[in-house]
Structure formats: structure tokens, C-alpha cells
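What follows is one structure encoded as C-alpha cells, with my remarks underneath.
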Amino acid sequence: LQAALDRLPPRAREVILLRRVEGLSRPEIAARMGITEGTVSQHLEHGLRALVEILGGDPPSVRRQP
């Protein structure tokens, strides 16, 4: 899992760690990082999708649609 996290963009990785590991809320993450809650949500969504792709073994060029 750590290797997969290391492959994420820095902001996405930070948001995922703050949310899933430290248990912070989206407003708390937004305040800590100086970004909007909407941006937190975008980083979280993109980061989690990327983790699914990385851990699922899909090539990086494959993009799953919602």
C-alpha cells in the first residue's frame, strides 16, 4: 500500500492520508491545506481512483469511468 501511495501526486496523497489515516473531516483538511472543500473532494476522488488502478494492476493509461 505504501508503494502505491508513493506513486500518487503529492496533494492527493496528503488528502488521502489526512482523511483515511488521521481521520480528519473535509473542512479540517481544507483548513489545514489552505484549499477549498471542493478541492479536497477532487483530490480524494482522484487519489482513490488512482489507488484502485495501481492496486488492481491496470496500466496507468487505462481510465475507468464513474
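The values are calculated or read from the model by the stated rules, or taken from the named source; none is laboratory data. None of the values given here were measured: they were computed from a predicted structure. With ideal geometry, Cβ positions are generated from the backbone for all residues, glycine too; neighbour counts draw on all protein chains shown. Keep in mind that these areas ignore ligands, DNA and RNA; they rest on the heavy atoms of the full protein, side chains included. Shrake-Rupley method; radii C 1.70, N 1.55, O 1.52, S 1.80 Å.
Considering the stretch 14-45, the residues that are among the basic types (Lys, Arg) and surrounded by 15 or more Cβ atoms within 10 Å (Cβ to Cβ) include one that is nearest to residue 4 (Cα to Cα), namely 19.
For the stretch 9-55, a residue qualifies if it is within 12 Å of the chain's Cα centre (by Cα), among the aliphatic types (A, V, I, L, M) and at pLDDT below 95, and the qualifying residues are 21, 48, 50, 51, 52. The set of residues from the stretch 1-13 being open to solvent by 30 Å² or more (accessible area, probe 1.4 Å) and not small (Gly, Ala, Ser) comprises 1, 2, 6, 7, 9, 10, 11, 13. In the set 24, 17, only one residue is under 22 Å from residue 57 (Cα atoms) and of a type in the set (A, V, I, L, M); that residue is 17.
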